[in-house]
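Report on one structure; see the data block that follows.
Read the figures in this text as sums done on the coordinates, not as results from a lab. Note that the structure is predicted; figures quoted are calculated from it, not measured. Here Cβ is always computed from backbone atoms with ideal geometry, including for glycine, and neighbour counts include all displayed protein chains.
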Amino acid sequence: MDRKILLIGFGNMGQALVRGWLERGIEPTQIRVVDPAEASREKARRLGIDASETVDDGVLAERAEAAVIAVKPHQVEEVIRALTPLAAGGTLFVSIAAGKTIASLTRVLGDRAAVVRAMPNTPAAIGRGMTVMTPSAGVAPAQRSLADDLLGAVGATAWIDDEALMDAVTAVSGSGPAYVFLLIECLTRAGTKAGLDPALAERLATATVAGAGAYAERSGEPAAELRRRVTSPNGTTEAALRVLMGDGGLEGLLERAVRAAADRSRELSAA
């Protein structure tokens, strides 16, 4: 890329993105960070990246190829108002702010603005994230590819054409890491109650969840098939699965949890 990437917000996700970009060979001089916190700007400068407190005339003059919006949802409107001059120049806007619809962005930037709404998740911090994106009508194929490159630097990516599905995406992959962390917590407590030392129980639970996830990803086979393989008839695993898969078991709980998260996502988008 000959033109700059503008990153608004240098918190945890912004820093994860920058690490991914640098690892992919993007030069620090191609990135510009805007963040009101001096500590965040200093972190960027230590990486050789120019950092500004606000979107000033100097930032706008660079005519960034892409502007990635990585601020809190309540800060988005103020930020994009400052960036409006870039919309006419063909800058791609990529927003990772939860609950902010494309319509809410194009109302400020203009109907023809190239906007991608993205939902990453927290494993992006270690390059193992899952990001789902949806484009506005103004996004050209080359810009879609650019968004893929930018978000693909922190993990896997997928696209949906129906923005309404972003609520379900948020409920599954956006909030999903918290469900997995809860599983580790519960498995740890169950192991402790079964007599294990708490530290050992936590180590076993964490390593088992991490290993099973990696195995499922690398095998490429359906999770149901992997489950069947590890379940011997009349064995210990089958005994446990009778509980987890019985009435009031895990599937029903997760269906209710995902529905609740998706409903809340819709409420936030409408606010």
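Give me the net charge of Leu253's neighbourhood, meaning all other residues with Cβ under 12 Å from the Cβ of Leu253; Lys, Arg count +1, Asp, Glu -1.
-1
Counting alpha carbon pairs within less than 8 Å and at least 6 residues apart, what relative contact order, in whole percent, applies to the range 174-270?
15 percent
Near Lys72, which lysines are there with a Cα under 26 Å away, not counting those fewer than 8 places off in the same chain?
Result set, ordered by chain and number: Lys4, Lys43, Lys100.
Enumerate the amide H contacts of Val68 below 5 Å, restricted to partners 5 or more residues apart or on another chain; note that Pro and chain-start residues carry no placed amide H.
Long-range HN contacts for Val68: Leu6, Leu7, Ile8, Val94.
Provide Rg over Rh for the chain; use the alpha carbon set for both Rg and the Kirkwood Rh (inverse mean inverse pair distance).
1.04
Need one word for the range 1-73: rounded, prolate or oblate. Basis is the Cα gyration tensor (sqrt eigenvalues a ≥ b ≥ c); a/c below 1.5 gives rounded, then a/b vs b/c decides.
rounded
Binning at 10 angstrom from zero up to the longest distance, how are the C-alpha pair distances of the range 5-166 distributed in percent?
Cα pair-distance distribution for the range 5-166, in percent: 11, 44, 38, 6, 0.
Under a point-charge model restricted to the Cβ atoms of Lys and Arg (+1) and Asp and Glu (-1), what is the dipole moment magnitude of the range 91-172 relative to its Cα centre, in debye to the nearest 20?
Dipole about the Cα centre, nearest 20: 200 debye.
To check my understanding: the extent here is largest minus smallest coordinate of the Cα atoms along each principal axis. What are those three numbers for the range 174-270, in Å, largest first?
48, 31, 31
Quick one: Karplus J couplings for the range 83-93, per residue in order, coefficients 6.51, -1.76, 1.60, θ = phi - 60°, nearest Hz, x for Gly and Pro?
So the J values, rounded to whole Hz, are 8, 3, x, 6, 4, 5, x, x, 5, 8, 9.
If you average the C-alpha positions of the range 185-252 and of the range 118-155 separately, how far apart do those two centres end up, in angstrom?
The distance from the Cα centre of the range 185-252 to that of the range 118-155 comes to 31 Å.
Could you order peptides 30-40, 48-58, 229-239 by the average number of other Cβ atoms within 10 Å of their residues, highest first?
Highest mean packing first, the order is 30-40, 48-58, 229-239.
Is the C-alpha gyration tensor of the range 97-150 telling us rounded, prolate or oblate? Criteria: a/c under 1.5 is rounded; beyond that, a/b larger than b/c is prolate, otherwise oblate.
oblate
Angle, helix 250-270 long axis vs. longest principal axis of the chain, Cα atoms, 0 to 90°, nearest 10?
20 degrees
For Gly138, list long-range residues whose amide hydrogen, built 1.01 Å from N in the peptide plane, is under 5 Å from its own amide hydrogen.
Those lying under 5 Å, H to H, from Gly138 are Val115.
Using a 10 Å cut-off on Cβ atoms, rank the peptides 160-171, 97-108, 112-123 from the highest mean neighbour count down.
112-123, 97-108, 160-171
Just check the range 212-262 against the gyration tensor rule for me: Cα atoms, a ≥ b ≥ c as the square roots of the eigenvalues, rounded for a/c under 1.5, and otherwise prolate or oblate depending on whether a/b exceeds b/c.
Taking the square roots of the gyration eigenvalues as a ≥ b ≥ c, the range 212-262 is oblate.
Could you order the peptides 62-70, 20-28 from most to least packed, using the average number of other C-beta atoms within 10 Å per residue?
Most protected by this proxy first, the peptides run 62-70, 20-28.
Quick one: 3J(HN,Hα) in Hz for the range 184-192, Karplus 6.51/-1.76/1.60 with θ = phi - 60°, rounded, Gly and Pro as x.
Using θ = phi - 60°, the values come out as 4, 4, 5, 5, 5, 5, 5, x, 5 Hz.
Taking the chain as the reference, fit the longest principal axis to its C-alpha atoms, fit the long axis of helix 141-152 to the helix C-alpha atoms, and give the angle between the two in degrees, 0 to 90, nearest 10.
Helix 141-152 sits roughly 50 degrees off the main axis of the chain.
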